[in-house]
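What follows is a short report on a single structure.
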Amino acid sequence: MKARVTVTLKNGVLDPQGKAIANALGSLGIEGVSDVRQGKFIEVELNETDPARARAALERMCKELLANPVIENYRYELGDA
Amino acid sequence: MRASVIVFPGSNCDRDVAVALEAVMGKAPRMVWHGDSKLPDSDLIVLPGGFSYGDYLRSGAMAAHSPVMRAVAAKARQGTAVLGICNGFQVLTEIGLLPGTLMRNASLKFICKDVHVRAARTDTLYAKLYPADRAIRLPIAHKDGNYFADEETLDRLEGEGRVAFRYCGPDAEITPEANPNGSRRNIAGLYDESRRVLGLMPHPERMIEKDLGGSDGRPFFESLINGLQ
């Protein structure tokens, strides 16, 4: 079973990389961008077939390694799509 | 006095800190590989600077989960002195021995230069030999040194006297201009509750001889080694 984990910066945490991307978009002449926030996208292949157990495993990996709870939020989707 | 330096794949200041320790201690520290699950008996454990595990995922994140770190965390909780320099500071926050985190520098640039810091207090194991009101010159070399914690945590840390060093100007004034990387409240180093665990971004081990450009880092190791003997 495949899981897709998205890690994003919490609101209120300054994101200088996002700001630099927003500036670069501006200098490309792309208008109408008011803000950019950069995050991480992680694909995890699980041997687990039971969705409840897979979610429990994902919770643990996000909390203990994939995200830093001081500055980051996480969410994940399960499925083979 | 027994010191151990933990070596991760990608550490690159492990030998520098070993040289500094030996210069002050008169005895070489033990070098301990990250894959070891047992630590030699140590009065001091050093997590050196570098780019452990290539800074994959986040600086210090992988090292925090290496086998030896479980033993280091257990020793720290029992009162063993643990010093994390640069990448070592990042590892200490990732493993939860110190609060907050070290984010990408506000400038997004890797910064390698000498800066001035000031000891926030001089009654600790590490800072006993530093003047309270003067600037110390030490090098920094990092891309992720921007200390971040929420306002409530910062207030608590200041209230508990846990700020160890702050970036300052050559005249010891703590100003926004003297802050090289965007760290909250100019924080360059932080203690745990016991003040025996210290994480700091500047490199005192690179400033122990005049021939190396300065010796302001030497009293740091002298204070530490004298205090532990």
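How much accessible surface does residue B:68 have with a 1.4 Å probe, in Å² rounded to 10?
0 Å²
Given the protein chains as shown and a 1.4 Å probe, how many square angstrom of residue A:66 are accessible, to the nearest 10?
20 Å²
In nm², what is the average projected area of the convex hull enclosing the Cα atoms of region B:145-229?
6.4 nm²
Between B:203, B:116, B:65, which gets the highest mean-square fluctuation from a Gaussian network model of chain B, Cα cutoff 10 Å?
Per the Cα network of chain B with a 10 Å cutoff, B:65 tops the list.
Cα centroid distance between region B:45-123 and region B:159-224, in Å?
13 Å
Let me test this: with uniform point scatterers at the alpha carbons of region B:1-133, what is the Debye-based log₁₀ I(q)/I(0) at q = 0.19, 0.20 1/Å?
Taken in order of the listed q values, log10 I(q)/I(0) reads -1.20, -1.30.
Rounded to the nearest whole Å², what accessible area per residue is found for chain B with the 1.4 Å probe?
Details: 9300 Å² over 229 residues.
Each residue of chain B exposes 41 Å² on average to a 1.4 Å probe.
Two decimals, Cα atoms only, Kirkwood Rh: what is Rg/Rh over chain A?
Rounded to two decimals, Rg over Rh is 1.11.
When only the heavy atoms of the protein chains count and the probe is 1.4 Å, how do A:61, B:103 rank by accessible area, highest first?
A:61, B:103
How far is it, in nm, from the label point at residue B:70 to the one at residue B:209 when both lie 7 Å from their Cα along the line to the Cβ?
According to this spin-label approximation, the distance is 4.0 nm.
Taking the full set of protein chains and a 1.4 angstrom probe, give the accessible area of residue A:70 in square angstrom, rounded to the nearest 10.
60 Å²
If I take every Cα pair under 8 Å that is 6 or more residues apart in chain B, average their sequence separation and divide by the length, what percent do I get for the relative contact order?
Dividing the mean separation by the residue count of chain B yields 20 percent.
Quick one: length gained pulling residue A:57 to residue A:28 fully straight, 0.36 nm per residue minus the C-alpha distance?
6.2 nm
Give me Rg/Rg_expected for the protein assembly as shown, where Rg uses Cα atoms only and Rg_expected = 2.2 N^0.38 Å with N residues. Numbers along the way, then the final one.
Numbers: Rg = 20.5 Å, N = 310, 2.2 N^0.38 = 19.5 Å.
This ratio for the protein assembly as shown stands at 1.05.
Test of understanding: what is the full-extension gain from residue A:75 to residue A:6, defined as 0.36 nm times their sequence separation minus their Cα-Cα distance?
24.3 nm
Which FRET efficiency value, to the nearest 0.05, is calculated for residue B:28 and residue B:111 with the Förster distance at 30 angstrom and r the Cβ-Cβ distance? All intermediate terms of the calculation are to be shown ahead of the outcome.
Details: r = 31 Å, r/R0 = 1.03.
Efficiency for this residue pair is about 0.45.
Hey, if we sort B:27, B:75 by accessible area with the 1.4 Å probe, largest down, what's the order?
B:27, B:75
Using DSSP to call loops (not H, G, I, E or B), can you name the GluC sites (Glu not before Pro) in chain A whose Cβ has at most 16 other Cβ atoms within 10 angstrom?
Details: sites: A:31, A:43, A:45, A:48, A:59, A:64, A:72, A:77; in loops: A:31, A:48.
Those satisfying the criteria are A:31, A:48.
Consider all pairwise Cα distances in region B:3-228 and report the whole-number % of them above 25 Å. Kindly include the intermediate steps, with their values, before the conclusion.
Numbers: 8019 of 25425 pairs.
More than 25 Å apart: 32 percent of the Cα pairs in region B:3-228.
Among the DSSP beta bridges whose two residues both lie in chain B, what percent are antiparallel, rounded to the nearest 5? Write out the running numbers ahead of the final one.
Working: 22 of 37 bridges.
So the antiparallel bridges in chain B amount to around 60 percent.
How charged is the neighbourhood of residue B:48? Take every other residue with its Cβ under 9 Å from the Cβ of residue B:48, and add Lys/Arg as +1 and Asp/Glu as -1.
-2
Can you compute the charge dipole magnitude of region B:3-228 about its Cα centre, using +1 on each Lys and Arg Cβ and -1 on each Asp and Glu Cβ, nothing else charged? Give it in debye, rounded to the nearest 20.
Result for region B:3-228 is approximately 280 debye, rounded to the nearest 20.
Sort A:76, B:126 from largest to smallest accessible area, using a 1.4 Å probe on the heavy atoms of the protein chains.
Sorted descending by solvent-accessible area, the residues read A:76, B:126.
Setting aside same-chain residues fewer than 8 positions from residue B:109, which lysines have a Cα under 27 Å from its Cα?
A:10, A:19, A:40, B:143
The values are calculated or read from the model by the stated rules, or taken from the named source; none is laboratory data. What you are looking at is a predicted structure, and each value in this text was computed from that prediction instead of being measured. Neighbour counts are summed over all protein chains in view; Cβ atoms, including those assigned to glycine, are modelled from backbone coordinates with ideal geometry. These accessible areas exclude ligands, DNA and RNA; they are computed on the full protein's heavy atoms, side chains included. Shrake-Rupley method; radii C 1.70, N 1.55, O 1.52, S 1.80 Å.
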